[in-house]
Each structure stands twice: as C-alpha cells, then as structure tokens.
Amino acid sequence: MLMEWKNLIVVRRMTRNDLPIIAEIAHRAFRNGPDSYWAVIGAKRAQRTFVAEMNNKVVGVIEIEIVNLSVGRQGHVGYIFVDPNYQRRGIGTKLLITAENFFKEKGAKASWALTSPENIAAQRLFEKNGYRRVFLKELFQMLPVKDAEKLLRRMVYWEGDIIYHKPL
Ligand SMILES: CC(C)(COP(=O)(O)OP(=O)(O)OC[C@H]1O[C@@H](n2cnc3c(N)ncnc32)[C@H](O)[C@@H]1OP(=O)(O)O)[C@@H](O)C(=O)NCCC(=O)NCCS
C-alpha cells in the first residue's frame, strides 16, 4: 500500500537527549549566525519545545510559549528550524500546526510570530498557514499599550521585523 510520506513525520516533545542533534541542525539551518546559538538556548528555555522526526531522526524544531496579556492568553512561536536536507517537505508546517493545537489547548486566542524582512522562507511558511502581517501601528490598535509592549518584548522585536498574527 502506498503511504503519503508526510504521514511519516512524527512530532513529539523534546528531551535533553535531543540537544546535540538540535544544536547540529540549528548550526546548519541558521548557517552559524547568532540565531544558531540562541536557538539552542531557546530549546532549553522555551515553555514547550517540539521536535519533528522522520525515520526516528530529529529533522525539525519549534520553540513556543504562552504569553499572558490582559486581553487573554496569546501563543508565541519562537524559533522554528528544519534540517536543510529536509526542508520544503511540510515539516515546518506540521510543527506550526502542532504549536497552534498546543496554544488552543491552553486557551490562547491567537498565535504570533516574528521574522526578519530577509527571511522569505519563513514569511511564506507563515503566510501559507494563514498568518497575516501586522504593522506596528496596527498592533497598538489591536492591543492595549501595555499588552503590545509586553508581546514585542517576548518576541524580541527589532525595528523592521515582520510581525505575523493568526486568530485561533
Ligand atoms: C522556515 C523553515 C522553518 C520552513 O520549514 P520547511 O519545513 O521547509 O517548511 P514547509 O515545507 O512546511 O514549507 C511551507 C511553505 O513555505 C514556503 N517555503 C518554505 N521554504 C521556502 C523557501 N526556501 N523559499 C520559498 N518558499 C519557501 C513554501 O510556500 C512552502 O510550501 P510549498 O513547499 O508547498 O511551496 C525553514 O526554511 C528553515 O528552517 N529555515 C532556516 C531557519 C529559519 O530561518 N527559521 C525561521 C525563523 S526562526
């Protein structure tokens, strides 16, 4: 019987044993830039880190958290990265869907993410999965000032970054 190969991607919680392979993937996915370092720290510190496996091999990572705002809980997608040899096979999408399900289980009303303007792959990933770009001015119209500031701090917003939002 033919099996859809996307069904062979298994997503599970990270364990400490995954850290060496996570570091290795981060170095290749972020090409040794500063993010390759921070993504490994983030994997340990995030409220929840999920890994995607194919054939029992870790090939992708997503680091997420719930941010408590006065308007209610929000999901924040931190680092998401996939082994370059396994990109464009739906692994990023599967990790994102897992994160959104986690957010919904925890009662979050929306998912938020940040990308740099040069990161076309990440922008397409979010847009293809129903995320909409929110400009800074709009963010401050959507949320009370204190909430907007807290969210920007949690996302480590840097001038020019692209903010993405998806209601859940
Ligand atoms: C962003 C990233 C996680 C996407 O992971 P992925 O497993 O390739 O994502 P998917 O296969 O689910 O792709 C979903 C869609 O995103 C778009 N996309 C993904 N990679 C792309 C690329 N290199 N160029 C253009 N579009 C791309 C496509 O529209 C794709 O759908 P399609 O293949 O059906 O056309 C991956 O490119 C990556 O690890 N990049 C380096 C790390 C990074 O920059 N992370 C994001 C910031 S934390």
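Within segment 144-166, being open to solvent by 70 Å² or more (accessible area, probe 1.4 Å), closer than 26 Å to Pro34 by Cα and assigned to a helix (DSSP H, G or I) holds for Glu149, Lys150, Arg153, Arg154.
Would you say Phe30 is under 18 Å from Trp112 (Cα atoms), without any contact (Cβ under 8 Å) to a residue 60 or more places away in the chain and either aromatic (Phe, Trp, Tyr) or exposed (fewer than 12 other Cβ atoms within 10 Å of the Cβ) (or both)?
no
Run down Ile64, Ile25 and say which single residue is under 25 Å from Arg154 (Cβ atoms) and in a strand (DSSP E or B).
Result of the check over Ile64, Ile25: Ile64.
Within segment 69-90, can you find the residues that are near the ligand (Cβ under 8 Å from one of its atoms) and open to solvent by 20 Å² or more (accessible area, probe 1.4 Å)? Result: Gly78, Tyr79, Ile80, Pro84, Tyr86, Gln87, Arg88, Arg89, Gly90. Could you check segment 89-143 for helices (runs of 4 or more DSSP H) lying wholly inside it with 3 or more residues that are under 18 Å from Val51 (Cβ atoms), in contact with a helix residue (DSSP H, G or I) (Cβ under 8 Å, 6 or more places away or on another chain) and at pLDDT 95 or above? Filter on segment 89-143 gives 91-105.
Taking Arg124, is it over 14 Å from Glu65 (Cα atoms), more than 12 Å from the ligand (Cβ to nearest atom) and open to solvent by 10 Å² or more (accessible area, probe 1.4 Å)? Judged against the criteria, Arg124 is not a match. In segment 95-110 there is at least one residue that is within 19 Å of His165 (Cβ to Cβ) and near the ligand (Cβ under 8 Å from one of its atoms).
The values are calculated or read from the model by the stated rules, or taken from the named source; none is laboratory data. Just so you know, these numbers come straight off a predicted model, no measurement behind them. Cβ sites come from the backbone with ideal geometry, for glycine too, and all protein chains shown count toward neighbours. For accessibility, only protein heavy atoms count, side chains too; no ligands or nucleic acids. Shrake-Rupley method; radii C 1.70, N 1.55, O 1.52, S 1.80 Å.
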